[in-house]
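Working notes, structure below.
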Amino acid sequence: MTVGQESIDTPLPAGDPARQGERVWALWGTIGLSAVILFVFVLVQFFVVVCFLALGVLYEPNFQIDAFFDGIEFNGLVLSTATAATSVLTTGLVLGLIRLRKGATVRGYLGLHPVDAKTFLVWLAAALVFIAASDGLSILLGRPVVPEFMVRLYDTAKVLALFWAAIVLLAPIFEEVFFRGFLFAGWHARASAARGRSW
């Protein structure tokens, strides 16, 4: 068995039953494919910006390119469109790469398994306490609960449904699927193989 095969075939720890025994991409495969995913992420965002720039030049008589780029970081419509597009496409790419791995399943690779009601309620309560404490601290320090840049993004979003879908739903899904799913599985399998060889 080669080192690459070992890192693929090593079962993940029993503490994560949904991933146990799952076949995953080897370490260098995970790194290389992750680089491709990030490249596509940047490329799609660049394409979205170019599209907005082209539409502005073609259809807005008073459009100023310098002003567009000066305020692009606070342009809610550009941000929400770019975020939605990149999140959907790259999440689909990650799922496709998982299916491309012989013997792998999306559910097993990403460690998707039901959470019991007690665990869900405990973590929901912890999240609510954290949010309340964070907002309370901001108020005590005289700082705005909602940062100014978020207010500016919201005011320039124009299509609020797209804004909320991109920020609250699509971006977090991509983050979980890519960082805590795809990357974690590949690196964790390699770490498990290394621990096994040390005994």
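Quick note: the coordinates plus some simple rules give every number you see, no bench work behind them. None of these values were measured; they are calculated from a predicted model. Every residue, glycine among them, receives a Cβ derived from its backbone with ideal geometry; neighbour counts consider all protein chains shown.
Figures for the structure shown
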item	result
Prolate/oblate/rounded call for region 82-148, Cα gyration tensor, a/c under 1.5 rounded	oblate
Residue 58-residue 159 FRET efficiency (beta carbon distance; Förster radius 22 Å; 0.05 resolution)	0.65
